[in-house]
Number of protein chains: 4
Amino acid sequence: MNVMIAAYAASYEAFDSGESKLGKNVLAFHRMIRDQDLSSTHALVSPQIDRTKGIDLQEKDIAARIISENDRGFVINGARMLATLAAIADEIVVMPAPSYQLSDSEEAKAHAFGFAIPVATEGLRLIARPTTGHLNSGSNMDFPLASRLDDSDCMVVFDHVEVPWERAFIYRDVDVYNGVQRTTQVSVQTSHQFATKDLAKAEFMRDLATFLAHSTNVDQFLHIQNGLAELINCVEFVYSCIVTAEKECQPGPGGTVIPRREPLQAVKFMFPPQFRRACEIIQIIGAGGLFANPSYAMFDSDLKGDIEKYFQSANLESRERIRLFRLAVDAAVSSFSGRQQLYERFFAGDPIRASANYAKTFDKNYSIERITSLLDRWESEEKN
Amino acid sequence: MNVMIAAYAASYEAFDSGESKLGKNVLAFHRMIRDQDLSSTHALVSPQIDRTKGIDLQEKDIAARIISENDRGFVINGARMLATLAAIADEIVVMPAPSYQLSDSEEAKAHAFGFAIPVATEGLRLIARPTTGHLNSGSNMDFPLASRLDDSDCMVVFDHVEVPWERAFIYRDVDVYNGVQRTTQVSVQTSHQFATKDLAKAEFMRDLATFLAHSTNVDQFLHIQNGLAELINCVEFVYSCIVTAEKECQPGPGGTVIPRREPLQAVKFMFPPQFRRACEIIQIIGAGGLFANPSYAMFDSDLKGDIEKYFQSANLESRERIRLFRLAVDAAVSSFSGRQQLYERFFAGDPIRASANYAKTFDKNYSIERITSLLDRWESEEKN
Amino acid sequence: MNVMIAAYAASYEAFDSGESKLGKNVLAFHRMIRDQDLSSTHALVSPQIDRTKGIDLQEKDIAARIISENDRGFVINGARMLATLAAIADEIVVMPAPSYQLSDSEEAKAHAFGFAIPVATEGLRLIARPTTGHLNSGSNMDFPLASRLDDSDCMVVFDHVEVPWERAFIYRDVDVYNGVQRTTQVSVQTSHQFATKDLAKAEFMRDLATFLAHSTNVDQFLHIQNGLAELINCVEFVYSCIVTAEKECQPGPGGTVIPRREPLQAVKFMFPPQFRRACEIIQIIGAGGLFANPSYAMFDSDLKGDIEKYFQSANLESRERIRLFRLAVDAAVSSFSGRQQLYERFFAGDPIRASANYAKTFDKNYSIERITSLLDRWESEEKN
Amino acid sequence: MNVMIAAYAASYEAFDSGESKLGKNVLAFHRMIRDQDLSSTHALVSPQIDRTKGIDLQEKDIAARIISENDRGFVINGARMLATLAAIADEIVVMPAPSYQLSDSEEAKAHAFGFAIPVATEGLRLIARPTTGHLNSGSNMDFPLASRLDDSDCMVVFDHVEVPWERAFIYRDVDVYNGVQRTTQVSVQTSHQFATKDLAKAEFMRDLATFLAHSTNVDQFLHIQNGLAELINCVEFVYSCIVTAEKECQPGPGGTVIPRREPLQAVKFMFPPQFRRACEIIQIIGAGGLFANPSYAMFDSDLKGDIEKYFQSANLESRERIRLFRLAVDAAVSSFSGRQQLYERFFAGDPIRASANYAKTFDKNYSIERITSLLDRWESEEKN
């Protein structure tokens, strides 16, 4: 996700602290991946161990941490998650998680790091989950999304990996580590990218649902029309927030502009349940037809005649209907869909904590003054 | 709601039909209320009788209809609902409901009318529901919203009311009646006004909830912070849709501009449940404190000492706390709040039918083509 | 709520502790109110001040506490909430809240009390909230529930109130105070009473919705039928849980039986949202007709003729329709309804904390063993 | 589903009509599968074609219908869905769908049939959907549910299949076809079986969620505890409805008892959203850990050391954690889970139509009388 690096690079001075001047490393890294058109993945979160304790307070020694340094760089050992598309990335960026704050302890310093290295570095190993694709189902048309677009989440193991000094962005510096989200405003830039992704997903779900409902004429039913209207409104909501965030942008560091944060936060918190609802609407539209759908590969089998005859719908020939319903299954029912729903819920952090933190950043005095002023006026009217 | 009249006036030619040239009456009416700064209410819907039948097919003769005509004008007899603030309006506008279509029958012509007359016309009677205000509770501060802002919905009875010809906008013309929503695009303009109202409400609920949560320090609880974040996001959603609808407006008739419809429709359908949720969030924040709240008038009673002592909260003196919690009750629990919640659900028509109709206006071919193109491409990749 | 006293009395030995033998006072009190058929209210919760702190840690001295003792009894000063129907009760019972635990501090002892005294005791003052009834609306038929059934929640002020020793149930005994919920199982008995109340409410809402939908024939619409089915299912859910809790009861102390707790807990946590949904369903059924409804008192006014004509519906004369819709407003829209919805949410304690506490009482080992056993079996099948 | 056959057999006389005495065939079939311990699948629904039209009004000739008869039996041609586990069943039962009613036309007679034949009958072909199992993921422990329990829904093609007369249960008899649900009360018996299945599922989800939450200590978080309480309540709700339906059973035909219908209907309509919510709760508990989970087969790979170290959690060794999280994925995220969620929504018919039909069976007069009686009493009190 190069927008993250771009945002860090625009605010590279945020990585300078006291004598340590690591900002130039960030800047150089950004220029390199930009100029060489390199792709990058990232690993921002420590493994789940005991989720009631901070990463520097765990009993089990699992999370990636700094264990030594030498002339060439520092040595990282342990694991990080959750690197997406890591197997096809050139570089891996290892930075602080959006919402986590280290304590002030000596141990915390070992976790106060940030860097980027090639994925192909000695000692770095990727451990992927099983694919959501059903590889042997007969045809890629059976799971058209999973077979093309599965993201392949990886645990990243750093087995005594040496990070060169010129790739160090944060080194044993808890202040920079804890402050980097705020000082660089990176999350506003990534939120803008996320919202753009959400818009594409919202349009896809709306279009898929519309076609699916047309195929068997269920778009003539009131409750199906209500569902389609929800999907239309979802698109407009996401789109309007992007337009407004862009229209009301502010000048940012390094010649960038910073979109207004609040409309993008609205998308961040409101889109995931809408996406899950979109899956539900597609399930309601497709109903039992989503089960009664053979492998596309059966068109090449002895049962071709049956397949061609019995899987037609009111408005579609059998081949068109089967591929459409397979797409609907993969978008709204399959492992690929389940992973998408889970991803939307969590990719920007635990929404329970993230939305609480967001509410805390608001200036409550503004609200208190508005209501107080209203009540004062009404009270004075009563007295007269 | 003068924006409705303004929209009709901008498209006044939509009221001309064959020999009948009533558009000029619409234009003249708009100029009059604008120039004289008159207020208007409206009555767009026929009374509920048998809701499974169109208004021209009811057995009981209740709905307002044309019963005769003469040199001076035509005569209306029967009832219409639901005129809001009618008792303080100068004029009443009686026009087609947003979503209702008359049939092609002779009887339907008697219902195919549109006009505006002074509220003070002979034979016109208003029948209001009981107020949501609790008038004798002791102080207006007890129900601060209801005592100031109750809308007073009225049934309007036309007892052989004569409408002058120069006030006729539609007369026995089913085509104009059924087409006026489409030809004038009035609903886009009113939707813009509604969204503006919604923004004010959303901000008020956010601010009230914020202050309420602060008063007893419950804003330090995670689930309360989650609720506050929802209210912040609601404001940004409504605001962004308004900004985008305005930014992407098109030139309209008569020198007007027409905001883009879709973002405003998103507000129309998505805000009402958010408003109900806002009431729920305020209930969750206030909890039992919303019950344990005396009349503000008790500050003038023998119990003043008790009231001042026992109704303090962590951050508020007793008087401030009581008036704040009374406001919260009136915004989120009282008859006033209940009527607001009901109003938001229904004021723009039955959302079940309205959202279904909205979905039907979308061009499904666009969606079908996008998905078909995607599947065609993937299918061809499989074959190679 | 005499069932609470009955439950305490059945386990009266739980109030004996060391030298202090107060159980006999509980038993005597129960016998008195039973034999004399006295009514009792209760006040279990301390006022909201700073809700992030325990009642013994507040800065402001508001909560009722023990301030002295003498030969006759001990003296309570401060406030408690939320006594329902206190103004018409004979006795007030002041006991620990269901979910609150005192700390082990010296100050906590001043809060570790339980007793019952006549409401008419010197120094005891009740401060009620304003009524939900709209007293001057013209007729009690306008707000038929509020005018008859409003519960009148009270803050209770103890102004140096002396509690006689024979009425002391808990006295400066943190162990008994903290343990009484567990040792007496009082909450199972009260949950059974609550569920019975919920059943009556569920039936009422089902019947009201059914009649309302019939009045204008909207019960012929699919989405209204879906709503009615929800209300039918709600009744059956509550009823089934009561039947099962009773069928699977266990012998309790003092000759009582104790219903099985879990089905009653299901009602406790699942009914409140169902009740709010019932209000919503009634709003959806009634729609604008809930606004367009005059005062019943208008049948005695000059407008009688209009009222009789224009408020008929398909299946009801005007008088029947108006009173039915007024009942629907009071059940699902008015201040009375809002207070009911709030009451259902909170009367058994904050559901967020209460349901969390409930989950913690479950034996997780049972679950862990079941899943482990399943996985062990499957794993061993793989190896063979 | 032998309970369906058992219910039909208990009411076998419902299949006798005029001269046609097919009830004895039903009885004989039931005895055969019972005595020989045969398994049966069923196919009750016609394929989706144009879902706005009844099956006898479709333009495309796809649905199974009677096309001829001879001495040996009658001939069926066309398709039916959705036979579950058909490939391992002995017999297939083809009967009317629960909620569909044939018209009175001549064409309808061709669809008015009911029968059972061996799955291995000449001309009968099964067309299954692709499996939800990911067969080549490395280990069955990766998708432990899909690899063992996938139901394998099939379209059933009848290619000129001859049904022997002794296997005919309904033959060209629209009255019997349309009435059989009512006359046999089959759906009450199957609802009882469904509820039993739901109880098993509810317990499994509760136990799985409990263990999962324990593994990383997130069961110490309030919102996770709330989720676990929901799952506990779901079990109790289903259980209580079963207990009550059984306790309040009535004598049925043929020596059977018929459970009370209403509690089972409550389960039928309320459990499916609870099941989807259970999947969501498991997703919330597992979070990113559900992604960061390798194949179980990797314990046999070079990465064994990494796997054993980095996938531990607070309370589980790596092997235990991985298999637990793979089970959670398969229960709440995977294609298997998606199919389960879809199945629960639709297996007993479209819930929108089914719940509407259910509401229509209720006697509205009971409700109307109760409310009328209440209002009459209150009205008479007002007058005095």
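The values are calculated or read from the model by the stated rules, or taken from the named source; none is laboratory data. Only a predicted model underlies this, so the values are computations on that prediction, with no experimental measurement involved. As a convention, Cβ positions derive from the backbone with ideal geometry for all residues, glycine included, and neighbour counts pool all protein chains shown.
Structural remarks
- Of all the numbered requirements in (1) within 12 Å of another protein chain (Cβ to nearest Cβ); (2) closer than 16 Å to A:H111 by Cα; (3) touching a strand residue (DSSP E or B) at 6+ places or on another chain (Cβ under 8 Å); (4) without any contact (Cβ under 8 Å) to a residue 40 or more places away in the chain, A:A64 misses one, and that requirement is (4).
- Residue that is surrounded by the most Cβ atoms within 10 Å (Cβ to Cβ) [pool: residues in segment A:130-181 that are over 19 Å from A:I66 (Cα atoms) and acidic (D, E)]: A:D142
- Selected residue (criterion: nearest to C:T41 (Cα to Cα)) from residues of segment C:119-132 that are assigned to a loop (DSSP other than H, G, I, E, B) and either under 19 Å from the mean Cα position of the chain (by Cα) or at the interface with chain B (Cβ under 8 Å from one of its Cβ atoms) (or both): C:R129
- Selection count, segment C:236-252, where residues are more than 8 Å from chain D (Cβ to nearest Cβ) and surrounded by fewer than 24 Cβ atoms within 10 Å (Cβ to Cβ): 6
- Any hit, segment C:106-121, residues being modelled with pLDDT under 90 and closer than 28 Å to C:V3 by Cα: no
- Meets criteria (at pLDDT below 95, among the aliphatic types (A, V, I, L, M) and either in contact with a Leu (Cβ under 8 Å, 6 or more places away or on another chain) or in the same structural domain as B:I66 (by TED's automatic domain parsing) (or both)) for B:L222: no
- Of the candidates C:E203, C:E262, C:E280, C:E236, the single residue that is in contact with a Pro (Cβ under 8 Å, 6 or more places away or on another chain), over 20 Å from C:A6 (Cβ atoms) and not hydrophobic (A, V, I, L, M, F, W, C) is C:E236.
- Residues of segment A:313-334 satisfying the condition of being surrounded by fewer than 23 Cβ atoms within 10 Å (Cβ to Cβ), touching a Ser or Thr at 6+ places or on another chain (Cβ under 8 Å) and polar (S, T, N, Q): A:N315
- Members of segment A:299-329 that are within 7 Å of chain D (Cβ to nearest Cβ) and in contact (Cβ under 8 Å) with a residue 40 or more places away in the chain: A:S313, A:A314
- Qualifying residue in segment D:124-143 (condition: closer than 25 Å to A:G305 by Cα and acidic (D, E)): no
- Residue within segment B:152-168 that is at pLDDT below 95 and closer than 30 Å to B:D300 by Cβ present: yes
- Breaking point among (1) crowded, with 18+ Cβ neighbours inside 10 Å; (2) within 30 Å of C:D35 (Cβ to Cβ), for C:I127: (2)
- Just one of (1) free of Cβ contacts under 8 Å to residues at least 60 places away in the same chain; (2) more than 14 Å from chain D (Cβ to nearest Cβ); (3) closer than 30 Å to B:A128 by Cβ fails for C:F221. It is (2).
- Flag if C:P144 is within 23 Å of C:P294 (Cβ to Cβ) and in contact (Cβ under 8 Å) with a residue 60 or more places away in the chain: yes
- Candidates C:G227, C:G138, C:G179: the one that is within 14 Å of chain D (Cβ to nearest Cβ) and at pLDDT below 95 is C:G138.
- Unmet criterion (only one of (1) away from every other protein chain (no Cβ under 14 Å); (2) at pLDDT 90 or above) for C:E19: (2)
- Only one entry in B:V257, B:V235 is within 19 Å of the chain's Cα centre (by Cα) and in the same structural domain as B:L290 (by TED's automatic domain parsing), namely B:V235.
- Checked against (1) in the same structural domain as C:P98 (by TED's automatic domain parsing); (2) of a type in the set (D, E); (3) crowded, with 23+ Cβ neighbours inside 10 Å, C:D198 passes all but a single condition, namely (1).
- Those strands (runs of 3 or more DSSP E) of segment D:1-112 in which 1 or more residues are surrounded by fewer than 19 Cβ atoms within 10 Å (Cβ to Cβ) and not β-branched (V, I, T) occupy D:65-69, D:73-83.
- Just so you know, in segment D:1-38 the residues that are free of Cβ contacts under 8 Å to residues at least 24 places away in the same chain and among the basic types (K, R) include one that is nearest to D:R167 (Cα to Cα), and it is D:K24.
- Among (1) away from every other protein chain (no Cβ under 14 Å); (2) in contact (Cβ under 8 Å) with a residue 24 or more places away in the chain; (3) under 30 Å from A:G289 (Cβ atoms) - the single one A:K197 does not satisfy: (2)
- Selected residue (criterion: farthest from the other protein chains (Cβ to nearest Cβ)) from residues of segment C:335-355 that are of a type in the set (A, V, I, L, M) and surrounded by fewer than 21 Cβ atoms within 10 Å (Cβ to Cβ): C:A348
- Selection of segment D:253-297 for residues being under 30 Å from D:D363 (Cβ atoms), modelled with pLDDT under 95 and either part of a helix (DSSP H, G or I) or facing another protein chain (nearest Cβ under 9 Å) (or both) yields D:P253, D:G254, D:G255.
- For segment B:201-214, a residue qualifies if it is at the interface with chain A (Cβ under 9 Å from one of its Cβ atoms) and either buried (at least 21 other Cβ atoms within 10 Å of the Cβ) or in contact with a Cys (Cβ under 6 Å, 6 or more places away or on another chain) (or both), and the qualifying residues are B:R206, B:D207, B:L208, B:A209, B:T210, B:F211, B:L212, B:A213, B:H214.
- Condition check for A:R51: closer than 29 Å to D:D142 by Cβ, of a type in the set (K, R), touching a residue at least 12 places away in the same chain (Cβ under 8 Å) and assigned by TED's automatic domain parsing to the domain that holds A:H30: no
- All of B:Y366, B:Y310, B:Y296 fail the test of being surrounded by fewer than 19 Cβ atoms within 10 Å (Cβ to Cβ) and more than 30 Å from B:V45 (Cβ to Cβ), apart from B:Y366.
- Scanning segment A:350-384 for residues that are more than 30 Å from D:R339 (Cβ to Cβ) and touching a residue at least 60 places away in the same chain (Cβ under 8 Å) yields A:R353, A:A354, A:S355, A:N357, A:Y358.
- Identity of the residue in segment C:141-168, under 16 Å from C:L342 (Cα atoms), in contact with a Leu (Cβ under 9 Å, 6 or more places away or on another chain) and of a type in the set (D, E), that ends up nearest to the other protein chains (Cβ to nearest Cβ): C:D153
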